[in-house]
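Heads up, the thing below is written out as structure tokens.
Derivation of every value follows stated rules applied to the coordinates shown; laboratory data play no part. Since the structure is predicted, the reported quantities are computational estimates derived from the model, not experimental observations. All Cβ positions, glycine included, derive from the backbone under ideal geometry; neighbour counts span all protein chains shown.
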Amino acid sequence: MSKGAHDSRSEVDEILGEAVRHLEWLRDAGVGDVPLSAVAGRATTNTPRTANTTATPAATTTTMTRTATVTPNPARGSSPYTQADKGCGSPALLAIREEVGECTRCKLAGGRTKLVFGVGSASAELMFVGEGPGADEDLQGEPFVGKAGQLLTKMIVAMGFQREEVYIANVVKCRPPGNRDPEGDEIAACERFLKSQIAAVNPRVLVALGRFAVQTLLRDTTPISRQRGRWRTYEGVRLMPTFHPAYLLRNPAEKKNAWEDLQQVMKELGKPPPAK
Ligand code: SF4
């Protein structure tokens with residue numbers, strides 16, 4: 001076999017292997033009530049959801065154990081949730097929302113007004129992961145709707161997307177009291193839902209906003225100021241760490257760096273560079 005043919009064969013094997021691993025992960029994540037044919041078709045059509053071959057980022061790969069363990073809700077027939085609910089726009093996402101239910105798995109349940117599951121397109125190629133709901137999000141039941149959310153929306157639009165085209169979710173789904181940082185036991189109780197959401201959406205690129213999103217997904221406690229702007233990999237998905245919009249509101253001088261990070265994401269997704 002020629003070297004070129006051998007390389008092509010290796011590439012195909014790698015893609016097929018990744019597709020199989022993704023299907024297994026979906027099954028393990030408990031979103032197997034999606035018709036398998038639909039999932040398989042999605043894996044096939046999503047094959048282009050790999051690194052832009054024209055981009056040459058200095059990627060650092062992190063190998064993660066696939067630990068998401070959402071199980072189908074046996075009471076699904078009487079579910080109060082529908083695919084029209086925020087962040088539930090596919091059978092897989094709806095199954096995860098049903099599993100979350102009116103969750104009391106951690107102590108944040110007692111202080112919430114509304115559980116904030118997620119929002120956006122179920123087939124988004126770009127997914128943002130934040131930390132947890134603030135006061136506005138807690139009241140409205142939607143992530144990133146306060147001042148930091150307005151900044152995030154501006155950033156999304158500047159990247160050439162509409163907010164509705166991307167998917168947005170947080171590490172914890174309920175507001176920590178007084179907007180304190182989420183604690184380890186709360187993240188441990190909640191992170192499997194986020195991981196299942198990522199598996200269900202299957203984005204081409206993840207943007208991790210701030211240190212809690214980065215630490216949760218990459219298990220890396222390096223300060224975000226040293227991680228931002230460097231491509232990483234989460235479960236085969238390209239991941240760009242950058243600053244949280246709330247941090248940017250407090251430190252506007254960092255907006256320039258965050259924008260540089262997002263321009264790398266635009267390039268990865270084939271978006272035209274912003275006009276000078
Ligand atoms: Fe459940 Fe997550 Fe809310 Fe805790 S933060 S109660 S684990 S949904």
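Things to note:
- Ordering of 254-262, 206-214, 113-121, 230-238 by burial proxy (mean other Cβ atoms within 10 Å per residue, highest first): 206-214, 113-121, 230-238, 254-262
- Under 17 Å of direct C-alpha separation, and excluding same-chain neighbours fewer than eight residues apart, Lys267 reaches these lysines: Lys256, Lys276.
- Kirkwood hydrodynamic radius of the stretch 142-268, Cα pairs, Å: 15.0
- Bridgeable lysines around Lys271 (alpha carbons under 18 Å apart, same-chain partners fewer than 8 residues away excluded): Lys154.
- Of all lysines in the structure, the ones whose alpha carbon falls short of 19 Å from that of Lys107, not counting any fewer than 8 places away in one chain, are Lys173.
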